[in-house]
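Peer 1: I'd like to ask some things about the structure below.
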Amino acid sequence: MSWPQNPGRPKTSRNRVEPLLLELHELVAHDSISAIDKLEQMAPLLRDTQHAERLETVAKAIDNYDFDEGMVALTELAGDMAVTLPEQ
């Protein structure tokens, strides 16, 4: 997936993204390919934001079935958005 960035756009509402991010975390933690569906739900919310590149990194890892790398990128994304992920 490739989403262009537009740094002039306002930040995405954390309240809208946080529940999806937490659900994505759960899916990635369980190596679930359903994480792709959750990424597709999140993409429109983060496209053209400062978080688009990080989400793309998560997507590429999941597309390659590299859930460990996906979790690393997802943890970084959550940190960037000030979202606390549960311990696994």
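A short reminder: the numbers here are calculations on the coordinates, not readings from a lab. Because the structure is predicted, anything quoted here is derived from the model rather than measured. Cβ sites come from the backbone with ideal geometry, for glycine too, and all protein chains shown count toward neighbours.
Peer 1: What relative contact order, as a whole-number percentage, does region 15-80 give when Cα pairs under 8 Å and 6 or more residues apart are counted?
Peer 2: 32
Peer 1: Now a separate question. Just rank R16, R54, fewest to most, by other beta-carbon atoms within 10 angstrom.
Peer 2: Ascending number of Cβ neighbours within 10 Å: R16, R54.
Peer 1: Grab the Cα-Cα distance for T84 and D37, subtract it from 0.36 nm times how many residues apart they are, and report the gain in nm with one decimal.
Peer 2: In short, 14.8 nm is gained.
Peer 1: Give the angle, between 0 and 90 degrees and rounded to the nearest 10, that separates the Cα long axis of helix 35-46 from the longest principal axis of the Cα atoms of the chain.
Peer 2: It is inclined by approximately 10 degrees.
Peer 1: Let me check I have the definition right: for the chain, take the eigenvalues of the Cα gyration tensor, multiply each by 5, take square roots. What are those semi-axes in whole Å, largest first?
Peer 2: Largest first, the chain gives 19, 14, 11 Å.
Peer 1: To test your reading of the geometry: what angle, between 0 and 90 degrees and rounded to tens, separates the Cα axis of helix 52-63 from the longest principal axis of the chain?
Peer 2: 20
Peer 1: Please name which of A73, H30, P19 has its Cα lying farthest along the dipole of the chain towards the positive end, using unit charges on Cβ (Lys, Arg +1; Asp, Glu -1) and the Cα centre as origin.
Peer 2: Positive-most Cα among the choices belongs to P19.
Peer 1: To the nearest 10 degrees, how steeply does helix 67-80 sit against the main Cα axis of the chain, on a 0 to 90 scale?
Peer 2: Approximately 40 degrees, to the nearest ten.
Peer 1: Now a separate question. Given the options L46, L20, L77, which has the most mean-square fluctuation in a GNM of the chain, springs set between C-alpha atoms less than 10 angstrom apart?
Peer 2: L20
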